[in-house]
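This report concerns only the one structure given below.
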Amino acid sequence: MTQTEYHTPVLLEETVTWLVTDPDGIYVDGTLGGGGHTQALLSRLSSKARVYGIDQDDDALQEVRERIGGDPRLELIKGNFGYMKTLLPPDVIGKVTGILLDLGVSSHQIDEPERGFSFQADGPLDMRMSDLRSQTAAQVVNDYEYEDLRNIFFEYGEERQSSRIARTIIENRPIATTSELKKVIQKVAKGPHAVKSVARIFQAIRIEVNRELEMLETALSQGLEILKEDGRYVIISYHSLEDRLVKMFFKTGNTEGTLHKDFYGNDIKPVEMLTPKIVTASEEEIQRNPRARSARMRVAAKKSEVA
Ligand SMILES: C[S@@+](CC[C@H](N)C(=O)[O-])C[C@H]1O[C@@H](n2cnc3c(N)ncnc32)[C@H](O)[C@@H]1O
């Protein structure tokens, strides 16, 4: 049973098929969540394999510990995948067969109103995925200057009414709860698409609070040190900003998307994209699990030689 009330894993079969190239290998699940992917991964591996399951959220670690924590091949680690290189034991650096990142928040995190991720329930403006973070959504909403708020909404939420929403938030401070924030956004965003603006603003604040794009960038570049030759990245993103970073990194080996050249003018490409087209969920999966609709999976391998 990999589907739990905690979280239904997305693209499960596709993930495990792309990730497992060696049943005796060493794997890192950087986004353990409810452990659905990890459990399926373990079922394909031999008794010699090892899996390091990382999550920054105690709830995820607790859930997985209770369900599959007894598996001697699995080691659970609390921390941010952006610091993967320091979280993993030094002897596995450069030897990892595959890294999985299934980005974003779990259904469990969204379903708990007191975590403050959902605008469909009332809760405090928190949105931290981890108690390792100190800045809450309330601090972003109530303390940020106008320009910073506007830029976050524009860049991370891709919201067209960013300026007006930022100004209206400032006029209505202090804002303490998710319902209050939703009402303030709806003073600007009206009509049938208002809910989309609310979702975009909540997404933007969540990305800011958890430094999601920065952590993804660091994890991608640390992967080059952690993976062995031909070791794979399997990354599932849920919005275009994440997917753009992943795509650029897989094409060029850096998140600026600039191809560097060697002394002879040849392109240096430390990774090779194995999925020229993104992998998406089937209609059948989307029917079963609507969250799968926005999932975009990309896979790349670390190349042996830069050439
Ligand atoms: C989409 S869920 C993963 C679900 C999981 N694949 C499963 O099958 O249940 C994302 C999980 O990653 C965690 N997470 C997100 N960003 C993280 C980061 N930078 N470092 C560590 N964990 C992170 C979240 O706390 C959440 O539990």
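Read-outs: derived from the displayed coordinates by stated rules, not from any lab. The structure presented is a predicted model; accordingly, all values stated were derived computationally and were not measured. No Cβ is skipped: glycine too gets one built from the backbone with ideal geometry, and neighbour counts run over all protein chains shown.
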note = Here the convex hull volume per residue of segment 134-210, taken over Cα atoms and given in Å³, is 74
note = Taking every C-alpha to C-alpha distance in the chain and binning by 20 Å from 0, the per-bin percentages run 32, 55, 12
Using alpha-carbon coordinates, inclination of helix 146-157 to the longest axis of the chain, degrees = 50
note = So the angle from the long Cα axis of helix 212-226 to the longest Cα principal axis of the chain, reported in degrees to the nearest 10, equals 10
query = Hey, can you rank 44-52, 32-40, 226-234, 19-27 by average C-beta count inside 10 Å, highest first?
reply = 32-40, 226-234, 19-27, 44-52
query = By how many degrees, 0 to 90 and rounded to 10, does the Cα axis of helix 178-188 deviate from the longest principal axis of the chain?
reply = 70
remark   = Residue separation between Asp111 and Asp91 times 0.36 nm, minus their alpha-carbon distance, gives in nm 3.4 nm
ask   = For the peptides 181-193, 203-215, what is the packing order when you average, over each peptide's residues, the other Cβ atoms within 10 Å and list the highest mean first?
value = 203-215, 181-193
task = For segment 249-260, take each phi angle, set θ = phi - 60°, evaluate the Karplus expression 6.51 cos²θ - 1.76 cosθ + 1.60, and give the result in whole Hz per residue in order, putting x for glycine and proline.
result = 5, 5, 7, 10, x, 8, 8, 7, x, 9, 7, 8
key: Convex hull projection area averaged over all views, segment 12-109, Cα basis, nm²   = 5.8
ask   = Hey, with R₀ at 45 Å, roughly what FRET efficiency would Ser282 and Glu214 work out to, going by the Cβ-Cβ distance, to 0.05?
value = 0.85
ask   = What ranking do 141-148, 108-115 get when scored by the average of other Cβ atoms within 10 Å per residue, highest first?
value = 108-115, 141-148
note = Under 5 Å from the placed amide H of Gly123, counting only residues 5+ away or on other chains, we find Thr178, Ser179
query = If you find the alpha carbon centre of segment 45-84 and of segment 233-283, how far apart are they in angstrom?
reply = 27
task = Evaluate the charge dipole of the chain about its Cα centre and quote only its size in Debye, nearest 20, assuming +1 on the Cβ of each Lys and Arg and -1 on the Cβ of each Asp and Glu.
result = 720
inquiry  = Given points 7 Å out from each Cα along the Cα-Cβ axis, report the Asp71 to Ser240 separation in nanometres with one decimal.
reply    = 3.7
Tail weight of P(r) past 21 Å, computed on alpha-carbon pairs of segment 149-296, percent = 57
query = Of Tyr83, Tyr6, how do they rank once you tally other Cβ atoms within 10 Å and put the fewest first?
reply = Tyr83, Tyr6
